[in-house]
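**Q** To start, I am sharing the structure in question, which I have written as structure tokens.
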Amino acid sequence: MTSSDSNNISVLRLGHRRERDKRITSHLGLTARAFGADEIILSGEEDNSPIETWTSVTSRFGGDFDCHYEPKPLNFLRKISKTKSSTIIHLTMYGQDLEEIIPKIPNDKSMIIVVGGTKVPGEVYGLSDYNISIGNQPHSEVAALAIFLNTWVGRIDSSEKFNGGEIKVIPSIRGKKVFVAEEE
């Protein structure tokens with residue numbers, strides 16, 4: 001986690017499988033970035049491809065977004081849980097209802113949002129401060145993360161959050177409008 005911000009939002013992607021999950025993991029990181037997370041931590045099979053994608057998008061579209069690989073995610077979560085240095089949020093269809101639990105989550109410290117890929121180890125449920133359900137039916141972890149972050153963070157002001165990039169998308173009724181910064 002980035003230590004510069006006491007209210008940092010990190011996303012921990014559990015169980016990435018290089019061949020099976022490459023697009024969904026890539027989209028998970030892009031969603032984390034676009035909806036206000038400060039970093040994504042990849043675990044499972046080591047794979048530089050999503051990290052390269054996230055780094056490239058951040059470079060081109062601006063903002064600060066960190067990403068790295070964590071070889072021992074359960075040890076990482078155990079340490080966080082023991083020290084209570086961050087609130088651990090596990091997004092799962094087996095958790096408590098988002099609308100009911102979100103007002104109870106403290107906003108005075110960093111947050112680790114855990115999303116699974118393969119079957120999530122049962123220990124994660126115990127290590128988490130909150131097991132939150134977006135819905136009790138099978139659904140995408142990308143959708144769950146987007147809904148959670150949109151509810152928690154609210155609307156993102158792109159001009160503030162994503163400054164310094166080479167590319168800026170300009171909202172328009174039709175077509176694509178893009179501003180590309182000239183190289184110096």
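The values are calculated or read from the model by the stated rules, or taken from the named source; none is laboratory data. All values derive from a computational prediction rather than experimental measurement. Every residue, glycine as well, gets a Cβ built from its backbone with ideal geometry; the counts of neighbours run over all protein chains shown.
Quick grid of which residues meet (1) of a type outside the set (Gly, Ala, Ser); (2) at pLDDT 95 or above:
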{"position": "Asn107", "(1), (2)": "yes, no"}
{"position": "Pro121", "(1), (2)": "yes, no"}
{"position": "Ile134", "(1), (2)": "yes, no"}
{"position": "Glu141", "(1), (2)": "yes, no"}
{"position": "Leu145", "(1), (2)": "yes, yes"}
{"position": "Phe148", "(1), (2)": "yes, yes"}
{"position": "Glu160", "(1), (2)": "yes, no"}
{"position": "Gly165", "(1), (2)": "no, no"}
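**Q** Do you know which residues across segment 132-164 are part of a helix (DSSP H, G or I) and without any contact (Cβ under 8 Å) to a residue 40 or more places away in the chain? Outline the logic, then answer.
**A** Initial filter on segment 132-164 (part of a helix (DSSP H, G or I)): 141-153, 158-161.
Hits for segment 132-164 are Ala143, Ser158, Ser159, Glu160.
**Q** Consider segment 85-142. How many of its residues are out of contact with any Pro (no Cβ under 7 Å at 6 or more places or on another chain), farther than 26 Å from Arg23 by Cα and polar (S, T, N, Q)?
**A** Within segment 85-142, residues that are out of contact with any Pro (no Cβ under 7 Å at 6 or more places or on another chain), farther than 26 Å from Arg23 by Cα and polar (S, T, N, Q) number 6.
**Q** Pick from Ile147, Ile132, Ile113: which is buried (at least 19 other Cβ atoms within 10 Å of the Cβ), aliphatic (A, V, I, L, M) and closer than 19 Å to Thr25 by Cα?
**A** Working: Ile147 fails: buried (at least 19 other Cβ atoms within 10 Å of the Cβ); Ile132 fails: closer than 19 Å to Thr25 by Cα.
Just one listed residue meets the conditions, Ile113.
**Q** A further question follows. Go over the candidates Ser10, Ser59 one by one and state the one that is under 20 Å from Pro121 (Cα atoms) and surrounded by 14 or more Cβ atoms within 10 Å (Cβ to Cβ). Before you say what the answer is, go through the steps one by one.
**A** Working: Ser59 fails: under 20 Å from Pro121 (Cα atoms).
Selected residue: Ser10, the only one of Ser10, Ser59 that is under 20 Å from Pro121 (Cα atoms) and surrounded by 14 or more Cβ atoms within 10 Å (Cβ to Cβ).
**Q** Can you confirm whether segment 33-40 contains a residue that is of a type in the set (Phe, Trp, Tyr), out of contact with any Leu (no Cβ under 8 Å at 6 or more places or on another chain) and surrounded by 18 or more Cβ atoms within 10 Å (Cβ to Cβ)?
**A** Taking segment 33-40 first, the residues of a type in the set (Phe, Trp, Tyr) are 35.
Those still in the list that are out of contact with any Leu (no Cβ under 8 Å at 6 or more places or on another chain) too: none.
Within segment 33-40 (the criterion being of a type in the set (Phe, Trp, Tyr), out of contact with any Leu (no Cβ under 8 Å at 6 or more places or on another chain) and surrounded by 18 or more Cβ atoms within 10 Å (Cβ to Cβ)), the answer is no, since none of the residues qualifies.
**Q** So, one more: What helices (runs of 4 or more DSSP H) lie completely within segment 42-131 and have 2 or more residues being within 30 Å of Ile167 (Cβ to Cβ)?
**A** On the way: elements: 48-61, 73-83, 98-101, 122-127.
Ranges flagged: 48-61.
**Q** Let me confirm something: among Thr118, Thr83, which residue is among the polar types (S, T, N, Q) and under 20 Å from Ser26 (Cβ atoms)?
**A** On the way: Thr83 fails: under 20 Å from Ser26 (Cβ atoms).
Step by step, each of Thr118, Thr83 is checked, and only Thr118 is among the polar types (S, T, N, Q) and under 20 Å from Ser26 (Cβ atoms).
**Q** Using the structure shown, decide if Phe65 is without any contact (Cβ under 8 Å) to a residue 40 or more places away in the chain, crowded, with 18+ Cβ neighbours inside 10 Å and of a type in the set (Phe, Trp, Tyr).
**A** Details: without any contact (Cβ under 8 Å) to a residue 40 or more places away in the chain: yes; crowded, with 18+ Cβ neighbours inside 10 Å: yes; of a type in the set (Phe, Trp, Tyr): yes.
Yes; evaluated as a whole, the condition is true for this residue.
**Q** Quick check: anything in segment 19-31 farther than 18 Å from Ser110 by Cβ, surrounded by fewer than 20 Cβ atoms within 10 Å (Cβ to Cβ), in contact with a Leu (Cβ under 7 Å, 6 or more places away or on another chain) and touching a residue at least 12 places away in the same chain (Cβ under 8 Å)?
**A** Within segment 19-31, none of the residues are farther than 18 Å from Ser110 by Cβ, surrounded by fewer than 20 Cβ atoms within 10 Å (Cβ to Cβ), in contact with a Leu (Cβ under 7 Å, 6 or more places away or on another chain) and touching a residue at least 12 places away in the same chain (Cβ under 8 Å).
**Q** Does segment 72-86 contain at least one residue that is out of contact with any helix residue (DSSP H, G or I) (no Cβ under 6 Å at 6 or more places or on another chain), surrounded by 13 or more Cβ atoms within 10 Å (Cβ to Cβ) and within 30 Å of Ala181 (Cβ to Cβ)?
**A** Within segment 72-86, not a single residue is out of contact with any helix residue (DSSP H, G or I) (no Cβ under 6 Å at 6 or more places or on another chain), surrounded by 13 or more Cβ atoms within 10 Å (Cβ to Cβ) and within 30 Å of Ala181 (Cβ to Cβ).
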